[in-house]
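Please read the structure below before turning to the comments.
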Amino acid sequence: MKFSPNIHLAYSTNIHPAERWEETFDALRKYTNSVRKTVAGSKRFGIGLRLSARAAKELQDKSQLLSFRKWLDENNSYVFTINGFPYGEFHNTCVKEKVFLPDWSSEERLEYTKVLFDILSEIVPEDCDGSVSTMPISFKEFNLSSEKLKTAKANLLRCVDYIERLADKKKRVLHLGIEPEPLGLVETTSEFVDFFGQLLEMCPDEAQLKRHLGINYDCCHIAIEYEDANDAITRLVDAGIKVSKIHLSCAISVIPTKPALEVLKTFSEPTYLHQTIIKTKDGSLIRVKDLDIALKMAEGNRIQDMEEWRVHFHIPLYSIPEPPIRSTLFHIQDVMDILKKSPSICSHFEIETYTFNILPQSFKNRNVVEQLIGEYNFVINEFNTRGLI
């Protein structure tokens, strides 16, 4: 939805299992439109579109794109952002670290992202920017060679050049947001600033890079890294980096007692990576690839030396988990407090709780539409409380 002065809010449709365009379109008609009718009123309803590589190729067809544009107009809806992180299948299969493939060292990732911008440039309204979010270059455990890392940087710069030409041709403002994630090649805001600096050294046009490339700031991911929101955003702003989009998402936090870790076992599941970062009493961080590995590791270690666990498992924003489970909602609220003082930092906001199908039963007291409505009600209230809308 578009709010005054220039805030656009959507939920990411990656919550709905869909890999082909027809499946994606069915989900929009069945679920997204139901949410719109409840939460949007007379406002235009913003959509955060998730397109797999296959769906994107299918939507490129002129007749499909024309049909979609007609549907958007008929339903007072618009697309202002696309989630371009997951390339292939994202539900009902073992995704794990495959979500980082293909990475930015591959031609496939570049071509997929260009297709997303081609589509977005045709459907984004004239009165707002268009953003695409993408993965954090690669996965640390892939151990990219120096040559492949060089290729990844070159591909990003080729993509920026493509976005510049497309934006000029279509008279649109378009930007790509790299999304740091735990154990991604770029996982903290400090790493992002360093990486962006390396791109600047390679790029002949600094202004072009800063126009079309920025960060997709995922509140869940940054919170898992134990970053303070004010420090993180100040670091980005001081470096002149565009905040392309903010993902409104929560991670799990627990104080690691034996009973707490028993409850945490209910969140260990085979679909997604649930990177876990453990803060010890001396302030150091232990990064673990997946929750099941962390739980097994804890069996042979002194959990009394551990202060907190934060786990990459998106839980609903509106829910107050029962102890011992806690959420990192405070990070979202801190970000909104910053925006209250400096609302121009970012205009694209996307609710990104995509885990509905794998949530433990204690969180499944609503169907997916009711959950999404709850997310909107919560976010809109947080915006209203701070006078942002």
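The values are calculated or read from the model by the stated rules, or taken from the named source; none is laboratory data. A quick note: this is a predicted structure, and the numbers were derived from the prediction, not measured. Please note: Cβ atoms are built from the backbone with ideal geometry, for glycine as well, and neighbour counts cover all protein chains shown. Keep in mind that these areas ignore ligands, DNA and RNA; they rest on the heavy atoms of the full protein, side chains included. Shrake-Rupley method; radii C 1.70, N 1.55, O 1.52, S 1.80 Å.
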Counting only protein heavy atoms and a 1.4 Å probe, tell me what percentage of region 5-110's accessible area is made up of carbon and sulfur. 47
Taking the inverse of the average 1/r across all pairs of different Cα atoms in region 189-329, what Kirkwood radius in Å do you get? 16.6
Under DSSP H, which helices of the chain have Cα atoms covering 30 Å or more of the helix axis and a Kyte-Doolittle average no less than -1.0? 146-170
Probe 1.4 Å - accessible area at residue 164, Å² to nearest ten: 30
How far apart, in nm, are two points set 7 Å out from the Cα along the Cα-to-Cβ line at residue 231 and at residue 191? 1.6
What is the gain in length, in nm to one decimal, between residue 63 and residue 37 on full extension, counting 0.36 nm per residue of separation less the C-alpha to C-alpha distance? 6.7 nm
Quick tally, 1.4 Å probe accessible area for 268, 131, 105, sorted with the most first, runs 268, 105, 131
If you average the sequence gap of Cα pairs under 8 Å that are 6 or more apart and divide by the length of the chain, what percent do you get for the contact order? 18
Net length gained if the chain between residue 30 and residue 168 were fully extended (0.36 nm per residue, minus Cα distance): 46.1 nm
Using Cα positions and a limit of under 13 Å, work out the aspartates and glutamates in reach of residue 340, with same-chain residues fewer than 8 apart set aside. 382
What number comes out for accessible area per residue over region 110-169 if the probe is 1.4 Å? Units Å², please. 39
How far apart, in nm, are two points set 7 Å out from the Cα along the Cα-to-Cβ line at residue 23 and at residue 207? 4.5
Using a probe of 1.4 angstrom, how much of the accessible area of region 202-347 is carbon and sulfur, in percent? 52
Under a 1.4 angstrom probe, counting protein chains only, how are 21, 71 ranked by accessible area, largest first? 71, 21
Once the piece of chain linking residue 198 and residue 287 is laid out straight, how much longer is it, given 0.36 nm per residue of separation minus the C-alpha distance between them? 29.6 nm
PRE zone check, label point 7 Å out along Cα-to-Cβ of residue 127, amide N under 17 Å, scope region 142-178, hits 172-173
Would you calculate the separation in nanometres between label points at residue 142 and residue 118, each defined as 7 Å from the Cα along the Cα-to-beta-carbon direction? 2.2
For region 24-69, alpha-carbon Rg relative to the globular expectation (2.2 N^0.38 Å, N residues): 1.28
With a 1.4 Å probe and every protein chain left in place, work out the accessible area per residue of region 57-97 in Å², rounded to a whole number. 50
Heavy-atom accessible surface of region 138-184: percent carbon and sulfur, 1.4 Å: 51
CD proxy, 222 nm, the chain: helix-only mean residue ellipticity via -39,500 (n - 2.57) per DSSP H run with n ≥ 4, per residue, nearest 500, stands at -12500 deg cm²/dmol
Any idea what the relative contact order of region 215-296 is, in percent, if you count C-alpha pairs under 8 Å spaced at least 6 apart? 26
Enter the accessible area per residue of region 182-324 (Å², integer; probe 1.4 Å; all protein chains in place). 39
Specify the inter-centroid distance of region 125-180 and region 328-376, based on alpha-carbon positions, in whole Å. 25
For region 65-122 and region 268-311, compute the distance between their C-alpha centroids and round to whole Å. 32
